[in-house]
Amino acid sequence: MDKLTRRDAIKLAGTGTCVAAAFLATRSLLAADAAAKDAPATSSSATPAGTVGKPGTVAPAAGPNAQAAEAMFREGFGCAQAVLSCCGKTYGLSREMGCRMGAAFSGGMSMMGLTCGAVTGAFMVIGLKHAQLEVKDTKPLGEANRLGREFIRRFTELHGAVTCKELLGHDISTPDGLKATVAEELFTKKCPILVRDASALVEAMLAEEAKVPTK
């Protein structure tokens, strides 16, 4: 369990490998759970588990960077890596550095089910634009905090929460929770949407900010 990453789960869900075998190959935790092999797949028309957003709330249109982030996540990279790498390039961040910086945030802080990596990735993008670089210059920090709070508000309106545990409806830090998440194909059905929406949202917010006249 300690060594099983979200990337492992994405690959396993995508290839249809049984959940019990996934855990057996990782740490032999669920080798005896034969029933998992026969778990029915969730239909594509079914509503994914977890929270839902405010009715009528629509995510910003996904631009090239948001689309690239979704594609990068589907390739097998982490949610934070995808958002940060693809949206951060606008501010000079290389793909390699984005992957390095976002590596430990996937699955809600290293597979603990806490704050969604797509959200933390977006926060780091905000920091790339608004960073306090001088001790006496606190204005950028204040702006980063303002944007961070606004991002949380809007993302919660879209998806109902910001933690993996709530968004997915399962605690992926536990064997049973991770097994259920893989069985319901949430890593491949719901998480890509969260990555895409987080990327589109942070880019839309920073674009809105750029249009506001400087006082």
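Every number in this text was worked out from the coordinates using simple rules, so none of it is lab data. The structure presented is a predicted model; accordingly, all values stated were derived computationally and were not measured. Here Cβ is always computed from backbone atoms with ideal geometry, including for glycine, and neighbour counts include all displayed protein chains.
When ranked by the protection proxy of mean other Cβ atoms within 10 Å per residue, highest first, what sequence do the peptides 128-141, 197-210 form?
My ranking of the peptides, most packed first, is 197-210, 128-141.
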Integer Hz, Karplus 6.51/-1.76/1.60 couplings in order for the stretch 194-208, x for Gly and Pro:
5, 5, 4, 5, 4, 5, 5, 5, 5, 5, 5, 5, 5, 5, 4
Would you mind checking which residues have amide H under 5 Å from Thr163's amide H? H placed 1.01 Å from N; only 5 or more apart, or other chain.
Cys116
Please give the contour-minus-distance gain from Glu209 to Ala103: 0.36 nm per residue of separation, less the Cα-Cα distance, rounded to one decimal in nm.
35.3 nm
Of the listed links Lys54/Lys139; Lys129/Lys189; Lys129/Lys190; Lys54/Lys89; Lys136/Lys211; Lys165/Lys190, those spanning more than 22 angstrom between alpha carbons are Lys54/Lys139; Lys129/Lys189; Lys129/Lys190; Lys54/Lys89; Lys136/Lys211
Residues other than Asp197 with Cβ under 10 Å of its Cβ, Lys/Arg counted +1 and Asp/Glu -1, net out at +1
Just to confirm a number: summing +1 for Lys and Arg and -1 for Asp and Glu over residues other than Arg153 whose beta-carbon lies under 12 angstrom from that of Arg153, what do you get?
+2
Where a ≥ b ≥ c are root eigenvalues of the Cα gyration tensor, a/c under 1.5 meaning rounded, otherwise prolate if a/b exceeds b/c and oblate otherwise, the stretch 51-211 counts as prolate
Once normalised by the length of the stretch 93-215, the mean sequence separation of its alpha carbon contacts under 8 Å that are 6 or more apart gives a contact order in percent of 25 percent
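Let me spell out the model: positive unit charges on the Cβ of Lys and Arg, negative unit charges on the Cβ of Asp and Glu, origin at the Cα centre of the stretch 57-215. What dipole size does that give, in debye rounded to 20? Don't jump to the answer; show the numbers that get you there.
Values: 18 positive and 17 negative charges, 67 e Å.
Using Cβ point charges on Lys, Arg, Asp and Glu, the stretch 57-215 gives about 320 debye.
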Around Ala66, what is the net charge, scoring Lys/Arg as +1 and Asp/Glu as -1 over all other residues with Cβ under 10 Å from its Cβ?
-2
